[in-house]
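Quick notes on the structure that follows.
The values are calculated or read from the model by the stated rules, or taken from the named source; none is laboratory data. Nothing here was measured: the structure is a model prediction, and the numbers come from that model. All Cβ positions, even for glycine, are placed from backbone atoms using ideal geometry, and neighbour counts span all protein chains on display.
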Amino acid sequence: MAEKSKIILLSGLQPTGPLHLGNYLGAVRNFVRLQDEFAGRFFVFVADYHSLTENYDPKEKQNQILMLGAELLAAGLDPKKVTLYVQSDIPEVTELCWVFNTVTPISFLERMTQFKDKASRQKENINMGLFDYPVLQAADILLPKAAAVPVGEDQVQHVELTRDIARFFNRKFGETFPESKPVLTATPRVMSLSEPEKKMSKSIPGSFISLSDSPEEIKQALRRAVTDTGPGPGRSDLPRRSDLQAMSPGVANLFGLLREFGTPEDVGAMERAYRGGTIKYVELKDLLAARIAEYFSEFRKKRAQLLKNPSAVKKIFAAGGKKIRAIASKTMREVRQKVGLR
Ligand code: AQP
């Protein structure tokens with residue numbers, strides 16, 4: 001990898017709905033943490049081309065793009081440090097994707113678990129874009145030659161494929177692209193509230209809490225979250241759980257969230273209650289709801305202000321687009337020349 005002072009970071013998010021706790025803990029919070037160290041070399045984009053692979057209403061798309069921009073800014077992204085842009089403002093990315101298609105074995109794409117998962121959820125719309133999504137992602141990452149990609153765990157396989165594509169390209173056409181690596185947080189996979197064996201997902205209603213949810217919505221979403229049937233008062237028939245590792249996935253997920261949003265005292269008290277078999281999950285859920293609502297109260301205010309003034313967000317996108325376009329056309333000149341085009 002290049003020396004640290006030259007490393008370029010890049011990450012993207014799909015404008016498919018409001019950001020949820022998984023997006024935040026897996027990716028966005030890390031952007032905010034990394035933006036000082038990588039100021040000027042950090043690119044974050046709204047992945048609108050990617051989002052066309054899902055079922056959507058074209059009339060909604062522009063609002064979703066603006067909303068994602070507003071939410072990223074409200075979450076603390078500083079456009080002076082991070083270049084924020086909209087993917088379709090650089091059509092070069094689709095050209096690079098095409099070149100990468102010609103060096104990517106189909107068998108590599110057939111292994112992608114996200115494709116299999118998304119295809120099973122939209123059986124009536126298993127389109128070529130959904131299959132080719134990881135190659136477009138490789139083009140997103142390699143267009144500005146990003147070596148580090150802060151993402152959630154679900155994206156690690158795609159970043160690994162990006163590395164393979166860079167290697168295939170470099171071997172065939174000469175050293176051009178870095179071998180990118182994922183950058184994960186301590187919470188790289190936040191689980192669904194309704195099916196805690198799966199990841200929290202925008203496209204699965206009931207699975208997520210949005211950062212923009214009101215305190216009451218957060219409380220209701222958590223009240224519905226799957227836990228387990230014990231231990232607890234009135235369930236003396238069940239074995240007592242002395243081992244926190246033995247938590248059911250749903251309860252472990254709630255404790256994981258409490259560790260992020262609660263105080264050390266909250267966590268200590270709930271862990272003691274769990275170990276002692278006296279925990280009431282409704283109390284755990286309501287405490288967690290209050291902490292999450294508090295944590296995002298400033299976010300909700302800033303988001304509302306930005307959504308009232310979408311021209312500020314558009315201006316930031318325009319400046320980011322200008323900066324990335326210059327880089328994109330330089331990379332594409334190099335690629336065209338190396339692959340034998342003009
Ligand atoms: N549950 C999650 N835990 C941790 N990180 C997550 N990410 C997504 N879900 C979790 C990370 O958030 C970033 C943006 O994701 P995306 O907009 O590309 O959407 P996605 O991966 O398709 O995730 P969603 O929100 O769950 O949407 P659907 O329902 O369409 O699958 C990425 O860095 C991702 O890793």
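Of the residues making up the range 40-83, those that are at pLDDT 95 or above, in a loop (DSSP other than H, G, I, E, B) and of a type in the set (Asp, Glu) number 2.
Considering the conditions (1) under 27 Å from residue 302 (Cβ atoms); (2) among the hydroxyl-bearing types (Ser, Thr, Tyr); (3) within 21 Å of the chain's Cα centre (by Cα), residue 194 is excluded by exactly one of them, (1).
State whether one or more residues within the range 2-18 are surrounded by fewer than 18 Cβ atoms within 10 Å (Cβ to Cβ), closer than 19 Å to residue 317 by Cβ and away from the ligand (no atom under 11 Å from the Cβ). Checked the range 2-18: no residue is surrounded by fewer than 18 Cβ atoms within 10 Å (Cβ to Cβ), closer than 19 Å to residue 317 by Cβ and away from the ligand (no atom under 11 Å from the Cβ). When residues of the range 143-163 are filtered for being assigned to a helix (DSSP H, G or I) and either of a type in the set (D, E, K, R) or within 11 Å of the ligand (Cβ to nearest atom) (or both), how many remain? Looking only at that region, the number is 9. Exactly one residue among 66, 34, 84 is more than 16 Å from residue 306 (Cβ to Cβ) and either assigned by TED's automatic domain parsing to the domain that holds residue 121 or among the charged types (D, E, K, R) (or both), and that residue is 34. Only one entry in 72, 66 is within 12 Å of the ligand (Cβ to nearest atom), within 18 Å of the chain's Cα centre (by Cα) and not polar (S, T, N, Q), namely 72. With respect to (1) buried (at least 16 other Cβ atoms within 10 Å of the Cβ); (2) modelled with pLDDT of 95 or more; (3) in a loop (DSSP other than H, G, I, E, B), the lone exception for residue 175 is condition (1).
Please go through the range 210-224 and give me each residue that is away from the ligand (no atom under 11 Å from the Cβ) and either outside any helix (DSSP H, G or I) or touching a residue at least 24 places away in the same chain (Cβ under 8 Å) (or both), ordered by number. Correct list: 211, 212, 213, 214, 215, 218, 219, 221, 222, 223, 224.
Criterion first (of a type in the set (A, V, I, L, M) and closer than 15 Å to residue 72 by Cβ) does residue 306 satisfy it? The answer is yes for residue 306. Of the helices (runs of 4 or more DSSP H) lying entirely inside the range 250-342, the ones with 2 or more residues being more than 30 Å from residue 99 (Cα to Cα) and among the aromatic types (Phe, Trp, Tyr) are found at 281-295. Of all residues in the range 19-43, those being near the ligand (Cβ under 10 Å from one of its atoms) and touching a strand residue (DSSP E or B) at 6+ places or on another chain (Cβ under 7 Å) number 7. Scanning the range 178-209 for residues that are more than 8 Å from the ligand (Cβ to nearest atom), under 23 Å from residue 31 (Cα atoms), assigned to a loop (DSSP other than H, G, I, E, B) and charged (D, E, K, R) yields a single hit, 179.
The set of residues from the range 283-313 being surrounded by 15 or more Cβ atoms within 10 Å (Cβ to Cβ), of a type in the set (D, E, K, R) and more than 27 Å from residue 255 (Cα to Cα) comprises 302, 303. Exactly one residue out of 81, 59 is closer than 18 Å to residue 147 by Cα, among the charged types (D, E, K, R) and surrounded by fewer than 20 Cβ atoms within 10 Å (Cβ to Cβ): that is 81. For first residues located in the range 259-277 and touching a residue at least 60 places away in the same chain (Cβ under 8 Å), partners that are of a type outside the set (Val, Ile, Thr) and lie 6+ apart or on another chain with Cβ distances below 9 Å form the pairs 260/21; 260/25; 260/29; 260/186; 260/291; 260/295. If you go through the range 321-333 and keep only what is surrounded by 15 or more Cβ atoms within 10 Å (Cβ to Cβ) and either out of contact with any strand residue (DSSP E or B) (no Cβ under 9 Å at 6 or more places or on another chain) or within 16 Å of residue 145 (Cα to Cα) (or both), you end up with 323, 324, 325, 327, 328, 331, 332.
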